[in-house]
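The values are calculated or read from the model by the stated rules, or taken from the named source; none is laboratory data. Only a predicted model underlies this, so the values are computations on that prediction, with no experimental measurement involved. Backbone-built Cβ (ideal geometry, glycine too); neighbour counts: all protein chains shown. When the accessible area is computed, the model is the full protein with side chains, heavy atoms only, and any ligands, DNA or RNA have been set aside. Shrake-Rupley method; radii C 1.70, N 1.55, O 1.52, S 1.80 Å.
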Amino acid sequence: MLDFFAIFSKGGIVLWCFQGAGVTESFGGPVNALIRSVILQVGFQKILTLTYVDKFIDDVQLHFRDRYKNELEQRGALKFLLNNFEFGDDFHILLREAEGSSKAKAPVSMRTFNESQKSQKTVKSMIETKDGDKSKEQVGKKSKNAKKEGEKSGGDQAKAAAQTASKKAVETGNGGLTQEEIIERNRAKFFSKQLGGAKPEKSSKSPKPQKPKGKMNRVWDMGGKRIAELDYSGTNGDNSSDAQNQDPDATAEPVSSPSLLLTNSLKVTGGFGGMFGMLKGLVGSKNLTQEDMEPVLDKMRDHLIAKNVAAEIASQLCNSVAKKLEGKVMGTFTTVASTVKQALQDSLVQILQPKRRVDILRDVLEARSQRKPFVITFCGVNGVGKSTNLAKISYWLIENGFTVLIAACDTFRAGAVEQLRTHQRRLNSLHPPEKHGGQPTVQLFEKGYGKDAAGIAMEAIAFARNQGFDVVLIDTAGRMQDNAPLMTALAKLIAVNTPDLVLFVGEALVGNEAVDQLVKFNQALADHSKTDKPRLIDGIVLTKFDTIDDKVGAAISMTYITGQPIVFVGTGQTYSDLRSLNARAVVSALMKA
C-alpha cells in the first residue's frame, strides 16, 4: 500500500499530499528541503513493487491538472497551501481503480480426464510399430475379411473372427510378438534410456571401420632420416623409443614430457636455421663483434678515402668506431650497417666540433677594452689563398665595426705587397673614411722585400697600438713544410711577436697531403720555440670549399690531426664569400653515397 503521495510544482512547492495510516509526521518539510538542496530523484521504480504505479501517477497528474487548471493559471504557485486543494476523494477513487485493475484473475479450474482428448484414445492407437505402413495395410485387409465372414456366420462368429484377425495382425506387424510382449519391450527401452544404458543393438550389418585416433605422421617432401622423431603425437616415452628402434643413428634420449621432447628435437636438428638464422644475424637482440663489423667497416673506410679523407685518418676512425661498438647490443630491427654508419656519423660530428671554440669578435672586443690590438697570423703552403682570405676576413671585421691594419710580411714572393695594396684600396672604396670619422678602416703596413718578416710584424703591432687599430692581420710567405729555413723563420715570427691567434690556411682539395702539412707545421713551431709550452696552430681556414662538391674529407683530416676547429670556410672569389663551418652539413655530404 501507499504510505505517502505528494504533488508539487516545477518550482518545488508542495501542492497536495496524502499520508497513509502508518505515517505520523508531516512530509511537507522533508520534501521541500530535498527539492531546495537540488537532489530530486525519482526512485519508485526501484523501491516499490506495485505494478500499477506508473499508470496511477499518470492518471493522478492528468486529473489534478484538469480539475485545478483555472486556479493554477489565476494564482501564483507560491501562494498555495496544502488545504487549498480538496483532492482526497478523487485520489482515493483513482487509487481503488488502479488497485482493482491490478488484481490477479482467479485461476481456471483444470479439466477432468473424461473431458480431455486423451480419454478418447485407445491403447491400440498409442502402439508404435516398426513396419508401420505394412501393418496398417495388413490390418485393413484382415478387417475386411473379418467383416465378410461376420456377415455370413452371424454375430458370435463375426466377433470371434474379428478378435482372431486383430491378434494375427498385431503378431504379423511386430515380428510375431504379442501385445503384452510389445509393451514389456517398450518399457525396457524407456528405462534403459532414463538410466543411461547402452543403446539397443542395430541390425547385423558390417560396421564401418573407425578412423585411427591420434596425429598422423607428417610426410616431408625433402625428408631426412629422423622423420619418426618429429612425431609429437605421443604422450609417453614409447614413441621416442620406437623412433630410436627405427633409426639406429638417433641420438635423442627417451622423452618423458612434451617440454623435453621439444628440447631433444632441437638438439637433433641443430637449433633454429634457415630464415630464422638469417633474421637473427640481420636484426636486433645481437651483440656486435669484430667479425660482424669488419665487412661494413672496410666499405666505410674505402668510402671515406674516396671523399678525400686521409687513409691513415680513415683507418683510425674505423678502428675507434669498432672498439666503441664491440659488445654493444643492437636495437630491434637494426642492421649492422646502419648501426656502424650512425656511430661513424656521430664520431665525425664530434671531431668537427672541438671543445675549444674560436670567437674572434669576442676576443677583439676584449683586446680593445685593454687598449691593445688583436693580432692574427696567417700561415700555410704556397698558393692556397692566404692573401685573398686575409682580405675576406678584413672585410668581415670592417663590417662588424672594427679597424684593420694589414702587415705585409711576405718579403719573398714578387707582387705580394702589391696584391695587399690592391685589396686595401678596394676595401677603403667599399667603406670610405668619411663614413668612419675620417680615419681609414683598413691600412697597409709594409717595408718592401728582402726584409726580416719577424721585425716587420713587430713594427706593425707597435704602429697599430699607437694609432688605435683594433686588429692586426699578419700575412706571411707561403712555404712548403719540407723547407727548413722558411719553417724556422715562421717559428721565429710567431715566437717573437706572440700573436693572439695563429690560423693555418689550407685547401679543401688535398687528401693525405693535409696531414703531412699540419704535422710538420706544428712540429716546426714546437722545435723552434724557446718555451716549454710552444705556440702551435690555433685554428684552420679552409679555402676553395666551393670546388670540391661532396669530397670534404680534408676538413676531417685537418681537425682530427690538430684537434683545432675550422674557423672559416672560403666559398668563392668575392669578399663576402666567407662562411662558418656547418659540421652536420659537412658530415652529411661526406656520408652521401
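Can you pick out the pairs among LYS286/LYS355; LYS355/LYS533; LYS372/LYS551 whose Cα atoms lie more than 29 Å from each other? Numbers along the way, then the final one.
Values: LYS286/LYS355 34 Å; LYS355/LYS533 19 Å; LYS372/LYS551 41 Å.
Table pairs above 29 Å Cα-Cα are LYS286/LYS355; LYS372/LYS551.
If you take the beta carbon distance between LYS451 and LYS372 as r and set R0 to 30 Å, what does 1/(1 + (r/R0)^6) give as a FRET efficiency, to the nearest 0.05? Don't skip to the answer; put the middle values down first.
On the way: r = 24 Å, r/R0 = 0.81.
Efficiency for this residue pair is about 0.80.
Compute the relative contact order of the range 437-560 as a whole-number percentage, counting only Cα pairs closer than 8 Å that sit 6 or more residues apart in sequence.
On the way: 116 pairs, mean separation 31.7, N = 124.
About 26 percent, as a whole number.
Leaving out ligands and nucleic acids, note down the accessible area per residue over the range 458-593 with a 1.4 angstrom probe, in whole Å².
In whole numbers, the range 458-593 has 43 Å² accessible per residue.
Once you have the Cα-Cα distance between GLU180 and LEU361, take 0.36 nm times their residue separation minus that, and quote the gain in nm to one decimal.
Length gained, GLU180 through LEU361: 52.4 nm.
A 23 angstrom limit on the alpha carbon distance is what I want to check against. Which of LYS447/LYS544; LYS451/LYS492; LYS435/LYS544; LYS323/LYS520; LYS299/LYS328 exceed it? Before the final figure, lay out the partial values.
Numbers: LYS447/LYS544 30 Å; LYS451/LYS492 14 Å; LYS435/LYS544 33 Å; LYS323/LYS520 29 Å; LYS299/LYS328 20 Å.
The pairs that break the limit, which is 23 Å between Cα atoms, are LYS447/LYS544; LYS435/LYS544; LYS323/LYS520.
How far apart, in nanometres, would the label points at GLU513 and HIS92 be if each is projected 7 angstrom from Cα along the Cα-to-Cβ direction?
Output for this residue pair reads 12.6 nm.
Taking amide H atoms as placed 1.01 Å from N in the peptide plane, list the residues 5 or more away in sequence, or in a different chain, whose amide H sits under 5 Å from that of LEU15.
Hits under the 5 Å cutoff: ILE7, PHE8, SER9.
When the chain is fully extended, how far beyond the present Cα-Cα distance does PHE412 get from GLN573, taking 0.36 nm per residue of separation?
Numbers: separation 161, 0.36 × 161 = 57.96 nm, distance 2.44 nm.
Stretched fully, the PHE412-GLN573 segment lengthens by 55.5 nm.
Report the calculated FRET efficiency for GLN353 and LYS533 (r = Cβ-Cβ distance, R0 = 22 Å), to the nearest 0.05. Before the final figure, lay out the partial values.
Numbers: r = 25 Å, r/R0 = 1.12.
With a Förster radius of 22 Å, E is 0.35.
Gain in length, LYS55 to ALA484, computed as 0.36 nm per residue apart minus the alpha-carbon separation, to one decimal in nm?
On the way: separation 429, 0.36 × 429 = 154.44 nm, distance 11.90 nm.
Taking LYS55 through ALA484 to full extension adds about 142.5 nm, to one decimal.
Give me the distance in nm between label points sitting 7 Å out from Cα along the Cα-to-Cβ direction at ASN466 and SER429, one decimal.
Label-label distance for ASN466 and SER429, simple model: 3.1 nm.
Compute the accessible area per residue over the range 301-421, keeping the other protein chains in place, probe 1.4 Å, unit Å².
Numbers: 5550 Å² over 121 residues.
With the other protein chains kept in place, the range 301-421 gives 46 Å² per residue.
Would you mind classifying the range 514-593 by shape? Square roots of the alpha carbon gyration tensor eigenvalues, ordered a ≥ b ≥ c; an a/c under 1.5 is rounded, otherwise it is prolate if a/b is larger than b/c and oblate if not. Before the final figure, lay out each step's value.
Working: a/c = 2.61, a/b = 1.84, b/c = 1.42.
Judged from the Cα gyration tensor, the range 514-593 comes out prolate (a/c at least 1.5, a/b above b/c).
Are there trypsin sites (Lys or Arg not before Pro) in the range 440-477 that DSSP puts in a loop and that have at most 15 other Cβ atoms within 10 Å, and which ones? Write down the numbers at each step before the final one.
Numbers: sites: LYS447, LYS451, ARG465; in loops: LYS447, LYS451.
Filter output for the range 440-477: LYS451.
Computed on alpha carbon atoms, what radius of gyration and Dmax characterise the range 442-583, expressed in Å?
Cα radius of gyration and Dmax of the range 442-583 are 16.0, 47 Å respectively.
What distance in nm lies between label points placed 7 Å from Cα along the C-beta direction at GLN342 and GLN523?
Rounded to a tenth, the inter-label distance reads 4.1 nm.
Using mean Cβ contacts within 10 Å as the protection proxy, how do 392-403, 88-99 order, highest first? Intermediate values should be presented prior to the final figure.
Details: 392-403: 19.0, 88-99: 14.2.
Ranking the peptides 392-403, 88-99 by packing returns 392-403, 88-99.
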